[in-house]
Amino acid sequence: MRNRAFKWLLVSLACIGLVAVSLSGCGTVEPTGSATYTPGTYTAVGQGNFGDVEVSVTFSAARIVSIAIGKNSETAGLSDPALDGIPAAIVKGQTLAVDTVSGASHSSEAVLSAVADCVRQAGGDVEALKAKKGAKATKGARIEKSVDVVIVGGGGAGLAAAVSAAQNGAKVVLIEKASALGGNTIRAGGAYNAVDPSRQRAVKMTAPLLGDLKSFLDMDEKSFGEFGPTLATLKGQIRDYIASGSSVLFDSVELHAIQTYLGGKRVDLRGNEIHGDLELVKTLTSGSPEALRWLESLGLTFKDEISTVLGALWPRTHGSTYHVGTGFISVLADNAARLGVEIMLDTKADEVIVEKGRVVGVKATKADGTPVVLKASKGVVMATGGYGANPEMRAEYNTYWPSMPLAMPTTNTANATGDGIVMGEKAGAKLVGMGFVQLMPSSHPVSGALSGGLWGSAESQVFVNKQGKRFVNEYAERDVLASAALKQTDGIFYIICDQVTAGNPQPGSKNGWGDDVDTLVKNHDVYKADTLAGLEQQIGMPAGSLSSEIARYNGYIAAGADPDFGKRNFGTPLLTPPFYATIRSPSVHHTMGGLAIDASARVLGASGEAIPGFYAAGEVTGGIHAGNRLGGNAIADIMVFGRIAGASAAATK
Ligand code: ADP
């Protein structure tokens, strides 16, 4: 909620000030006869993503004078455009017919319903205000701009590309179809995988991790195809490491590459095999430590602790000191502004302009209908993200999951509709890996969101179904977890934690997403009890089921082996009350396929040749993660390839 109070103050002071001079200034719409109020300030709450959003509205006899957002647990950064923008639009238009902010719809609706409540309390006519259009946006004259580089999409990849292109001397325009920057990146957990000896020095090499590492020595290079030489190098590193007798965690870019390759190598329902492209995977794993340092040089700070985000397979996950994914966006956006990048919000790219086989610009439309033509003398970078929020496209391409119901929820913003894939294909790009979609196993069953729960690093998580029984090795890849979860009753499972593995929450504390833990418990997103039997009772599991399952699991930790599901990496035993259970179910998370690119982020055409002037980065691309992406590899990908795409475009002759 940084800056929120300040921004509100500006909005309301500006309005109040201008009202004194002229009612047609900030408050451009005159009150109607039906909307009259009993003057005063009224307070109400609306239901946001994470509980109540408190709103106070001040009325004069004729107008909504100002709106203040009070106590709430909405996600800072992610919800700001709604909590700032909706009140401003209501005051300006003297209307409740205000569009919700895409990507922050629940927060928007919370504000709208609370303001409606206040209108009612003040004796106003809610229905009249809902029917009343605000100052109508009018389509402007066509906007034309000529720059060096045009970037489409203002998520992590687009902003990284913008900063990088500008650092390399290019004049840059970035267009974003939403009213705010951030895309899926700002709502992601912000997990960033990178080999990082200085931070990983603090991580001990446990026996299970060593067991995992030694298993690579038994693998045969011959069955690794183009990744054979990488495996050979890794085996040499592992032998040297074992000979050194070190007790510090082993890691290398080759291990990261082989894990990315194995994690992504999959066969679809039609028997087609897919694996990551060697050059792209190597670029990712060798580039992510470097991109991390680049982000640090731009002012992004990372925590010292290293963890293993779900499905990451190895402790190399970094988290920024900012709230979830917000730091990546705010730091890059600040740098883009500093470097003179022009950012056009509410501007949707419709078409890539191709002249004589070369991409030379983009046609777009602003939200008010104004046509925009952007000419790019050097190149266009497509960074529009995936198609996780386009159910028809998911269903059309899916060849991996037995079913891909249109109604399956998603962790994605509503703007992840695959526009860049459609535009790119029309411009001649080849598509790769489109049959594969990653389901996030542990999402909220209704909203599909990643947030709203309590858990720790992957090894410490315990999944049980409605019968209180474990059903999978919780340290496995995400597609393995999602597939197992979908086979449980109603596709529902619970992540069980004790006080320690839950991160020691205290009354009033927040989880890693900034959710208020007490509110999560109050809303039954999380169950909390002093005993496991208490959890069984609250959830409705058979008596004794969870208690005996956790006792057995604690025994496996002590023995260092899990005969049920083969888990080898464990956290601490679950012994310390209170105990917590977070309800979860798989939702659509990351669309694996997209535009084919090379290691310079050049978009490739049907026969594998680079399309001049055309670059792409981030989730809009395919070929890196193949059939299943490792947890924590997406942010690394968008930063590495976003940075490369910007630099490549800027260097175009
Ligand atoms: P990535 O992780 O690859 O950066 P994100 O989802 O974080 O992907 O960001 C992609 C951004 O692109 C989103 O902010 C989305 O609103 C924006 N976007 C999608 N389609 C278009 C389009 N047609 N024109 C402009 N912006 C778009």
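A few points about this structure:
- The criterion of at least 1 residues that are away from the ligand (no atom under 16 Å from the Cβ) is met by the following strands (runs of 3 or more DSSP E) wholly inside the stretch 573-648: 579-591, 602-604, 610-616.
- In the set (1) open to solvent by 20 Å² or more (accessible area, probe 1.4 Å); (2) out of contact with any strand residue (DSSP E or B) (no Cβ under 6 Å at 6 or more places or on another chain); (3) modelled with pLDDT under 95; (4) farther than 20 Å from S585 by Cβ, the condition left unmet by D530 is number (3).
- In the stretch 299-321, the residues that are surrounded by fewer than 19 Cβ atoms within 10 Å (Cβ to Cβ) and either within 24 Å of G154 (Cβ to Cβ) or among the acidic types (D, E) (or both): G299, T301, D304, E305, T321
- Within the stretch 349-395, the residues that satisfy the criterion of being within 14 Å of the ligand (Cβ to nearest atom), crowded, with 20+ Cβ neighbours inside 10 Å, within 27 Å of the chain's Cα centre (by Cα) and within 16 Å of I151 (Cβ to Cβ) are A349, V352, V362, A364, V380, V381, M382, A383, T384, G385.
- Residue match in the stretch 274-290 (condition: touching a strand residue (DSSP E or B) at 6+ places or on another chain (Cβ under 7 Å), over 18 Å from G435 (Cβ atoms) and at pLDDT 95 or above): yes
- Listed by position, the strands (runs of 3 or more DSSP E) inside the stretch 6-110 whose residues that are surrounded by fewer than 16 Cβ atoms within 10 Å (Cβ to Cβ), modelled with pLDDT of 85 or more and not aliphatic (A, V, I, L, M) number at least 2 are 40-48.
- Members of the stretch 543-567 that are in a loop (DSSP other than H, G, I, E, B) and crowded, with 19+ Cβ neighbours inside 10 Å: D562, K567
- Residue within the stretch 414-421 that is acidic (D, E), within 16 Å of the ligand (Cβ to nearest atom), in the same structural domain as E619 (by TED's automatic domain parsing) and modelled with pLDDT of 95 or more present: yes
- Here L520 passes the criteria (1) part of a helix (DSSP H, G or I); (2) more than 26 Å from A449 (Cα to Cα) except the one numbered (2).
- Selected residue (criterion: nearest to the ligand (Cβ to nearest atom)) from residues of the stretch 422-450 that are surrounded by 21 or more Cβ atoms within 10 Å (Cβ to Cβ) and of a type in the set (S, T, N, Q): Q438
- Members of the stretch 370-390 found to be in a loop (DSSP other than H, G, I, E, B) and touching a Gly at 6+ places or on another chain (Cβ under 8 Å), listed by number: T370, A383, T384, G385, G386, Y387, N390
- Selection of first residues in the stretch 513-540 that are in contact (Cβ under 8 Å) with a residue 40 or more places away in the chain and of second residues that are of a type in the set (V, I, T) and surrounded by fewer than 21 Cβ atoms within 10 Å (Cβ to Cβ), restricted to Cβ pairs under 7 Å at least 6 apart or on distinct chains, gives the following pairs, ordered by first then second residue: D525/I583; Y527/I539; K528/V521.
- Among all residues of the stretch 145-152, there is none that is in contact with a strand residue (DSSP E or B) (Cβ under 9 Å, 6 or more places away or on another chain), in a loop (DSSP other than H, G, I, E, B), in contact (Cβ under 8 Å) with a residue 40 or more places away in the chain and open to solvent by 40 Å² or more (accessible area, probe 1.4 Å).
- Residue in the stretch 147-174 that is farthest from the ligand (Cβ to nearest atom), counting only those that are among the aliphatic types (A, V, I, L, M) and farther than 16 Å from G618 by Cα: A170
- Checking the stated criteria, G468 turns out to be open to solvent by less than 30 Å² (accessible area, probe 1.4 Å) and either more than 16 Å from the ligand (Cβ to nearest atom) or assigned by TED's automatic domain parsing to the domain that holds S547 (or both).
- Listed by first and then second residue, the pairs linking a residue in the stretch 219-237 that is within 17 Å of V253 (Cα to Cα) to a residue that is open to solvent by 70 Å² or more (accessible area, probe 1.4 Å) and part of a helix (DSSP H, G or I), with Cβ atoms under 7 Å apart and 6 or more places separating them unless they lie on different chains, are G228/K222.
- Tally, over the stretch 175-190, of residues that are more than 6 Å from the ligand (Cβ to nearest atom) and polar (S, T, N, Q): 1
- Condition check for T411: within 14 Å of the ligand (Cβ to nearest atom) and open to solvent by less than 30 Å² (accessible area, probe 1.4 Å): yes
- Across the stretch 593-623, the qualifying residues are those that are modelled with pLDDT of 95 or more, among the aliphatic types (A, V, I, L, M) and farther than 21 Å from F328 by Cα, and the one among them that is nearest to the chain's Cα centre (by Cα) is L595.
The values are calculated or read from the model by the stated rules, or taken from the named source; none is laboratory data. All values derive from a computational prediction rather than experimental measurement. Note that each Cβ is placed from the backbone with ideal geometry, even for glycine, and that neighbours are counted across all protein chains shown. Ligands, DNA and RNA are excluded from the accessible area calculation, which covers all protein heavy atoms including side chains. Shrake-Rupley method; radii C 1.70, N 1.55, O 1.52, S 1.80 Å.
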